[in-house]
């Protein structure tokens with residue numbers, strides 16, 4: 001077997017790396033292999049939570065972050081990826097996941113990750129992904145990318161259709177919908193807007209009809225999902 005020659009410059013700076021994962025077996029194995037690879041250098045020992053990862057990135061600006069999706073704490077890996085990209089745009093984040101859920105993959109892409117790698121991959125494949133991410137390569141299988149893009153297109157069309165539906169609401173109906181989202185009952189809305197409860201009920205019926213839903217709760221959920229009201 002012909003040996004592979006390392007063509008990188010001898011004095012090249014190592015790729016700086018941070019690992020955020022709460023699986024000690026994986027992180028210990030990665031740390032051990034990285035210690036033997038002169039091309040990669042850990043900026044910090046692996047951390048188990050997203051909050052700590054974001055803090056360390058803000059201090060060290062590593063070239064690459066390996067980020068788990070499911071982490072203990074208030075912040076998951078996708079939100080951490082979004083924050084890391086905000087505070088350190090030059091840092092490339094590779095998300096590690098044991099899932100193949102298309103919605104999750106869309107969220108990974110929208111958060112600004114360079115791609116993702118399955119936790120079923122071996123340690124050496126993970127390190128190859130680190131090196132690829134460091135030079136700006138996108139780490140996503142073409143077949144999976146096609147599935148993700150189809151889902152993005154489908155969701156974009158759904159949002160467009162929702163915008164058309166929501167555009168039918170009057171300013172008063174939007175106001176009432178916002179109050180419903182805040183938990184107000186019809187009588188409370190009537191008092192607040194200085195209108196009769198019967199008028200509120202008429203507005204509610206019109207809202208349900210225009211949104212093609214069957215209950216106030218469904219109307220509120222639809223409006224929140226599509227950004228028409230805030231909670």
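Computed from the coordinates by the stated procedures, all read-outs in this text should not be read as laboratory data. Note that this is a predicted model, so its numbers are computed, not measured. Positions of Cβ are generated from backbone atoms using ideal geometry, with glycine treated the same way; all protein chains shown enter the neighbour counts.
You can think of it this way: the chain between residue 79 and residue 42 has 11.1 nm of extra reach, that is 0.36 nm per residue less the Cα-Cα gap.
Rounded to the nearest 10 degrees, the angle from helix 77-87 to the longest Cα principal axis of the chain is 80 degrees.
Between residue 22 and residue 155, the modelled label-to-label distance comes to 2.4 nm, taking each label 7 Å out from Cα in the direction of the beta carbon.
Reducing the range 50-126 and the range 192-231 to their Cα centroids gives an inter-centroid distance of 38 Å. Taking 19, 34, 130 as the candidate residues, the one with maximal mean-square fluctuation in a Gaussian network model of the chain, Cα springs under 10 Å, is 34. What's the angle, to the nearest 10 degrees (0 to 90), between helix 50-60's Cα axis and the longest principal axis of the chain? Tilt of helix 50-60: around 60 degrees. Taking the C-alpha atoms only, the angle from helix 171-181 to the longest principal axis of the chain is near 60 degrees.
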